[in-house]
Amino acid sequence: MTGALSALMASRWARRLSIGIALIGAVLLFLLNLRRAGETAGRHAERLNQMERQNDIQRRMLEASGTRPRDRDELTDRLRDGRF
């Protein structure tokens, strides 16, 4: 069995075929890894967008709480004046 395998690998076309198969395998693995890296980058970008949206909402809520009426009297004054 080993003799047949070594005799097969001694031929020029068998070596070229095995090198070609190895190159094709390497290219396929590279492309699959590239695809996985792209998916990971997409998930990270989506997570970043969500965090930015949440931070913007929270910032607007904090800004709005800074200008809110302090008590009922101030609320009624603002409603009567039309400044609310």
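Using a Förster distance of 41 Å, how high is the FRET efficiency between ASP81 and GLN58, based on the Cβ-Cβ distance and rounded to 0.05? Don't skip to the answer; put the middle values down first.
On the way: r = 29 Å, r/R0 = 0.72.
Efficiency computed from Cβ-Cβ geometry: 0.90.
Report the extension gain between ARG72 and ARG16 in nm, rounded to one decimal, defined as 0.36 nm multiplied by the number of residues separating them, less their alpha carbon distance.
Between ARG72 and ARG16, full extension yields an extra 11.4 nm.
With only alpha-carbon pairs counted, each pair once and no self-pairs, how large is the Kirkwood hydrodynamic radius of the chain in angstroms?
Numbers: mean 1/r = 0.0508 Å⁻¹.
One over the average 1/r among Cα pairs gives 19.7 Å for the chain.
Every number here is computed from the coordinates shown, using simple stated rules; none is lab data. Keep in mind that what you see is a predicted model, and the values were worked out from it rather than measured. We place every Cβ from the backbone using ideal geometry, glycine too, and count neighbours over all the protein chains shown.
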